[in-house]
Structures are given as C-alpha cells and as structure tokens.
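Accompanying notes for the structure given below.
The values are calculated or read from the model by the stated rules, or taken from the named source; none is laboratory data. What you see is a predicted model, and the numbers here were worked out from it, not measured in a lab. Reconstructed Cβ throughout: ideal geometry from the backbone, glycine too, with neighbour counts over all protein chains shown. For accessibility, only protein heavy atoms count, side chains too; no ligands or nucleic acids. Shrake-Rupley method; radii C 1.70, N 1.55, O 1.52, S 1.80 Å.
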Amino acid sequence: MIKIIILFIFILLILFLMNRKKETFNLNNELIILNNFYKINKFSRIKELLNNIQLKKDIRVSSRESLCLFKNDYQELYDLIYNDENLKKLIKNYFNKNFINNPDFPIEYRNYPNGSFGMNWHYDLSMFSPDCLEAVLTIDNNSDSKFLWEQNDQIKSIKPDSNTLVIVKPNTILHKVSEVNGNRKILKFIIQFENSIKKPSFFREIQNCPK
C-alpha cells in the first residue's frame, strides 16, 4: 500500500513539473522571462554542441568572452534554437508574426568569467526595421550574477538558471547584468521577422562580433 501511495505521489509530481507554466514574467511584450524553456533533451544537446568552443576577448564589453557562431558551421544549433514549436507559438501568440530560422545576425556564445563586472545599464540596439527581438538563453549560471531591469522607476531582478529564456525588445527596457562571482554562460540570439530590413547599426555590430 505504501509503495502505491509513493508511486501515485511521484506521478503527480511528474505531471506537475510537465504542466507548470513556463512564463514567469511579461512586461507589455517588451520583456518576457521564461523558465525551463526548451525541452530537456533539446537543451542538453544545445549544451553538447557548445563543448570545446574556444571563446575570444570581446572588444565591445571587456568583462566577457564571446564568439559569433555562424549558421554555415553550426546549422544543427540553429535548428535546435529556432525550429522549436514552443518558440514559434510564443512569438506568434504575443507578436502575431513569423520569424526566420536562419537570421542574418549570428548566434553569440558568451561567457562572463569569475570577477566579471557583467554589463552596465543599457538599451538593446535596434538593428532591423521592423525591430527584431533580442533573446538570451542561460546555458550555465553557477554564480550570483543577476539580470536587472528598470520598471516604473524601480529596479527589478532575477537570477537566471540554466534554460531560462529572456526576450527583450530593443530600445524599450533599460537593463544590465550584475557582477559575476562564479561563472555565467549564455547564448544570445535574435528573433528576426520576415521581410525585415537591416539598419546601418547591423553592419557595425556584425563587424565587431568576435569570429
């Protein structure tokens, strides 16, 4: 009898974990934060593909190391990130638009090492018309580093865990990354909508992205 009760509780726990809402925060579709976004097996494969990648110093932000991962060399990674039903539903439901699976700006792999000051307060740069969306997927975060943003003259924050997805619309949300005691690795990628046009800022940014 006890074994049956334990099994029943275990099944209920699994069902709860499978059905819990991914969305934890949405600020006027300008800032969206979701936990446990990709399925476990997909997220594990994403991490596998990042193993042994050698990052470079990033002249844009001295406190991190980065590398632009171009689709010709990392097509499987692009397929995992973009060809995802959860992502498609999210963008369609909130923005009523379709995005392209192979955007013009590459996925960036970034590492904020121990002692990094993170990133100062900033707005994400607009590189397309209409604006794309900036997305950050936390790969690992064994530090105390937080994502902070300004909301109604107050500072809000979260400590993103692995597989947390943060989506920001450019030029809307003032935000930063706090100091890093430990190590924080992320993927930054864009959601580029169909028929979008590149702005001059696109060409400046891609020129400075570590390759």
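State all residues of segment 162-211 that are charged (D, E, K, R), farther than 17 Å from residue 106 by Cβ and part of a strand (DSSP E or B); if no residue qualifies, say none. Step through it out loud before you land on a result.
So the first thing to find is which residues in segment 162-211 are charged (D, E, K, R), and the list is 169, 176, 179, 184-185, 188, 194, 198-199, 204-205, 211.
From the residues that got through so far, the ones that are farther than 17 Å from residue 106 by Cβ too are 169, 176, 179, 184, 194.
Within segment 162-211, 176, 184 meet the criteria.
Could you list all residues from segment 127-157 that are among the hydrophobic types (A, V, I, L, M, F, W, C) and touching a Ser or Thr at 6+ places or on another chain (Cβ under 8 Å)? Break it down into steps so the answer makes sense when it comes.
Looking only at segment 127-157, we keep the residues that are among the hydrophobic types (A, V, I, L, M, F, W, C), and these are 127-128, 132-133, 135-137, 139, 147-149, 155.
Selection gives 127, 128, 132, 137, 139, 147, 148, 149.
Inspect segment 174-193 for any residue being open to solvent by 30 Å² or more (accessible area, probe 1.4 Å), without any contact (Cβ under 8 Å) to a residue 60 or more places away in the chain and closer than 20 Å to residue 59 by Cβ and give the result as yes or no.
The answer is yes; a qualifying residue exists.
Out of the residues in segment 26-42 meeting the condition of being touching a strand residue (DSSP E or B) at 6+ places or on another chain (Cβ under 6 Å) and not hydrophobic (A, V, I, L, M, F, W, C), tell me which one is surrounded by the fewest Cβ atoms within 10 Å (Cβ to Cβ).
Looking at residues that are touching a strand residue (DSSP E or B) at 6+ places or on another chain (Cβ under 6 Å) and not hydrophobic (A, V, I, L, M, F, W, C), I get 26.
State the number of residues belonging to segment 43-83 that are surrounded by fewer than 18 Cβ atoms within 10 Å (Cβ to Cβ) and assigned to a loop (DSSP other than H, G, I, E, B).
Total meeting the criteria: 14.
Which of the residues belonging to segment 84-98 are closer than 16 Å to residue 40 by Cα and either part of a loop (DSSP other than H, G, I, E, B) or open to solvent by less than 70 Å² (accessible area, probe 1.4 Å) (or both)? Write out each step before concluding.
Of all residues in segment 84-98, those closer than 16 Å to residue 40 by Cα come to 84-87.
The answer is 84, 86, 87.
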